[in-house]
Each structure stands twice: as structure tokens, then as C-alpha cells.
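Participant: This is the structure, below, for whatever I ask next.
The values are calculated or read from the model by the stated rules, or taken from the named source; none is laboratory data. None of the values given here were measured: they were computed from a predicted structure. Cβ placement follows ideal geometry from the backbone for every residue including glycine, while neighbour counts extend to all protein chains displayed. Just so you know, the surface numbers come from the protein's heavy atoms only, side chains and all, with ligands and any DNA or RNA stripped out. Shrake-Rupley method; radii C 1.70, N 1.55, O 1.52, S 1.80 Å.
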Amino acid sequence: MLDVKLFRVEDGGDPDKIRESQRRRFKDVEVVDRVIELDQEWRRLRFEMDGVNRDMNSTSKEIGRKMKAKELDGVDELKRKVTEMKAASAVLQERMTEMERRRDELIRSIGNVVHPSVPVNNDEDKNAVEFSWGEPGSAPGAGRNHVDLLYMIDGVDYDRGTVVAGSRGFFLKGPGALLNMAIIQYGLQFISRKGFTPIQTPYMMNKEAMARCAQLSDFDEQLYKVSGDGDKYLIATSEQPLCGFFTNDWIDPKALPIKYCGYSTCFRKEAGAHGRDTLGIFRVHQFEKLEQFVVTSPEEDASWHMHQDMIENAMEFYRSLKIPYRVVNIVSGALNDAAAKKYDLEGWFPSSQAFRELVSCSNCTDYQARRLETRWGTPKTGEREKKYVHMLNSTLCATTRVICAILENYQTDEGIRVPDVLQSHFGSDFIPFVRPSPVLK
């Protein structure tokens, strides 16, 4: 969430900057004025309550002085006033709490301040291409798509997956399962060489912990709720539990940056993607993913330098797999609330002659850390100035999507060549076709 001080001109804030960011996001601008109104009322109530409390403390001291001096005249009247002031203070506190709740609820609905380098548009077709690598071309071999190719190497069972798990369910088996594991092993080795510590996260989170990390729309469109004791949700990405890992923490500047590679199975309802990519394993409800997650200093543009490093890690990873790609700067209207800027790396899928998302890389600045109360500094230094760390996240690989890209780019008439960097992990350099192309039902 944003710092409430950004809405206060008298505290050095700049409400116009937030209004402009909302315009760039194509979101409600007037919400900024409503936050300011609620904050001003909260501050007025606090000023009034502070005055009542001062008077109450002064009167209590006067009672103590009189009692000590055995001057009992007027003490009962002073005690009556203290009782009245206590009641008035309690009422003001209750009104303040409600005003703060309403104000902060509105602030949480406002997205992070959009970085000036983000292209302003509400159409994702207008994403700006920043980098590209490789030569996108026609599909080799017979030009089949990943759905058919995975079936032909006997790497999947779609039908039984649907019977067992419902829509978009699948069993990876044989070469499909081995390819999945090879990508994970190679990915972990690759990112470890970049100074990242592998970390395997919980697959479930308490509702309170999840609410600090996920935006409201995610609860309806993405997250699966777990029935049973308490409110728990399955994670949609290891970014969520990794955010929670730092809740109410103080991060010593000397320890930064902190670089983790989260490894987890991820679960997504994909309610907002109804009807898209329903065939094969490109967009599914359950998949495995390696996620770069970094905590940096809020100073000297450290997070922006790291943002560039993280997308370059992803680019190097896909170059090593020899999958043609492009990197796009996501338009302002398509940014999620937490991101100040986001890159997507899109791999080339020759059978559909299209680039498709493989990586999302976001700088969330202090937006997540503020909600999590993840401070920069130590408790002693933090008493002087309240600062928050910056948090960034980037996919390294969602394995099912990488499998799809490999199948299409490495197909031949007889089977699938295994990328050089995966061969030692997979155990072979070639996967032959063992079944004919499936017949569409």
C-alpha cells in the first residue's frame, strides 16, 4: 500500500503525483480526494483527542496534588471531569479507528505509483518491445503445436487428468515428467550461480497472511480456498509466501540485497482467463515454478538496478535454452496494483506464429513491504525515520510453459531434440515420437 504521507502536502507529500498515476492506470482519480478528506477528518479527531487526553492528564495530576496536600475541596468535581473526559476520549478513539479503517481501505485500493518509463496505454497490444533475441520463424518438422507434440512423445495423459482433476487436469508422465524435472534442476543450478538461495515454500497460507500479499481481485479470480480448520488458501506463486516470510521484520542494510529463488507448485483458478489456452498444459490450474524474489534497499535506485538484473537473468536463461524471445514493457493500464513497472518475457511459439508470456518481472518498490511492515534498518535507527525495503519478483520458469516452448521449437519429423543444457539432467538428447498425432474429437 502507499504511504499516507504521500497524500499530505504539509508533510511533503504530492497528491497530484498519485492522481497522475491513477490516470495512467486508467483508474478512479477521485479516490485520492476521498482519501485526503478521510485523513483530514482522522487528523482532526486525533488533535481533539490529544487535547482531551492532555486535559485529562493535567486534571489527574491536580487531583494527585490535592490529595497529597489533603486539599479535598473540589476533588470530587475534578474526578467527575476525569470520568467525563475518559468517556469522551473513548468515543473519539472509536471514531478515529473507524475513520482510519475507511481511509486505509481506500489507500489499499490504489495501485503503486507508476514509473515514468512505463508506456501509458490501456491496450496490452501496445506493450513496448524493449529487447529481442533469436530469429522467430516457421515451426520445424511438420509444424505441430505443443498439444499434439506432448501427446506424440507419450508425455501426457489429458483424458485421465480431466477425469481425475476436472477441466485442465493432466498427468505428466515418462518424457514429459522427466523434462519437467530437468527444467527444475537446470533452473535451480542456473539461478544459484547468480547468488540466489533456493527456498521451497509452503503451498498454503492463512487468509490474513495472504491478504497482505494478494490484491482483492485475486481472491475471486486466482486463489483456491482450502476447506477445513481456519481460512487457508493455496498459493498462486511462491512470491506470496516469500512476502510473508519477511512480515514484521527489520532488515539490516548490510544484509541487502537478499536474493531467494522460490520453488513451489502453484495453484490458480484462472477465472479471469476463461476460454483462453484451454488446450494442453500452457495455462493450467496446477504447475511448478521457479521465482526470483529479491529484497533491496529503498535508496540509490537499488531496486531499479536489481529489476534490470532480474530480467537479464531471465533473458540469459532462455538464451541458454535457445528459445527466441522478446521483452516487453507492460502498459500502465495492465499493471497489477503492486507493480510500479513490469517486464514480460515472451517466448516464440512457431506453430501459432506468436510470442507468448513466459516471464513476468516486477518492481513493487515499498508497496508490499509497507503492508507487511518490513522495515529497512534496525529498530534503533528506525525510530528516527521510518523506511521500508523494496521487494521485486520475477519468474525464472513456469515449467509447463517452458515445456510447450521447447516442444514447438525443437520438434523434428521423428521427435523432439532436447536442448543442450538440459541433456545431462534429462538423460538423453532426443525424445522419439511413439504415438501418431491425436485425432481431434
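Participant: Return the only residue of E37, E41 being open to solvent by less than 60 Å² (accessible area, probe 1.4 Å) and more than 24 Å from V120 (Cβ to Cβ).
Facilitator: E41
Participant: Looking at (1) of a type in the set (D, E, K, R); (2) surrounded by fewer than 18 Cβ atoms within 10 Å (Cβ to Cβ); (3) modelled with pLDDT of 95 or more, find the lone condition where E208 falls short.
Facilitator: (3)
Participant: Keeping to the stretch 223-240, report how many residues are at pLDDT 85 or above and either assigned to a strand (DSSP E or B) or open to solvent by 20 Å² or more (accessible area, probe 1.4 Å) (or both).
Facilitator: 8
Participant: Go through the stretch 190-212 residue by residue and tally those that are without any contact (Cβ under 8 Å) to a residue 24 or more places away in the chain and among the small types (G, A, S).
Facilitator: Qualifying residue count, the stretch 190-212: 1.
Participant: Let me ask something else about it. Could you identify the single residue in F267, F246, F219 that is under 17 Å from F196 (Cα atoms) and surrounded by fewer than 22 Cβ atoms within 10 Å (Cβ to Cβ)?
Facilitator: F246
Participant: What pairs can you find where one residue is in the stretch 141-166 and without any contact (Cβ under 8 Å) to a residue 40 or more places away in the chain and closer than 13 Å to S437 by Cα, the other is in a helix (DSSP H, G or I) and not charged (D, E, K, R), and their Cβ atoms are less than 6 Å apart, with a gap of 6+ or different chains?
Facilitator: Final answer for the pair search is none.
Participant: From the residues in the stretch 328-347 that are open to solvent by less than 20 Å² (accessible area, probe 1.4 Å) and closer than 22 Å to V421 by Cα, which one is nearest to the chain's Cα centre (by Cα)?
Facilitator: Within the stretch 328-347, the match that is nearest to the chain's Cα centre (by Cα) is L345.
Participant: Could you give me the residue pairs with C-beta distances under 7 Å whose first residue belongs to the stretch 15-40 and is without any contact (Cβ under 8 Å) to a residue 60 or more places away in the chain and in a helix (DSSP H, G or I), whose second residue is surrounded by 20 or more Cβ atoms within 10 Å (Cβ to Cβ) and of a type outside the set (A, V, I, L, M) wherever it lies, and which are 6+ apart or on separate chains?
Facilitator: That search, which allows pairs on different chains as well, returns P15/F7; I36/F7.
Participant: Select, from V114, V147, the only residue that is under 21 Å from the mean Cα position of the chain (by Cα) and surrounded by 14 or more Cβ atoms within 10 Å (Cβ to Cβ).
Facilitator: Result of the check over V114, V147: V114.
Participant: Could you give me the residue pairs with C-beta distances under 7 Å whose first residue belongs to the stretch 357-371 and is farther than 13 Å from T237 by Cβ, whose second residue is among the charged types (D, E, K, R) wherever it lies, and which are 6+ apart or on separate chains?
Facilitator: The qualifying pairs are E357/D344; E357/E346; L358/E346; L358/R401; N363/K341; R370/D3; R371/R212.
Participant: Scan the stretch 46-78 residue by residue and report those that are in contact with a helix residue (DSSP H, G or I) (Cβ under 9 Å, 6 or more places away or on another chain) and over 30 Å from M99 (Cα atoms).
Facilitator: E62, I63, K66, M67, E71, L72, D73, G74, V75, L78
Participant: Which of the residues spanning the stretch 174-183 are open to solvent by 10 Å² or more (accessible area, probe 1.4 Å) and either under 25 Å from K269 (Cβ atoms) or in contact with a Phe, Trp or Tyr (Cβ under 6 Å, 6 or more places away or on another chain) (or both)?
Facilitator: Matches in the stretch 174-183: A177, L178, N180.
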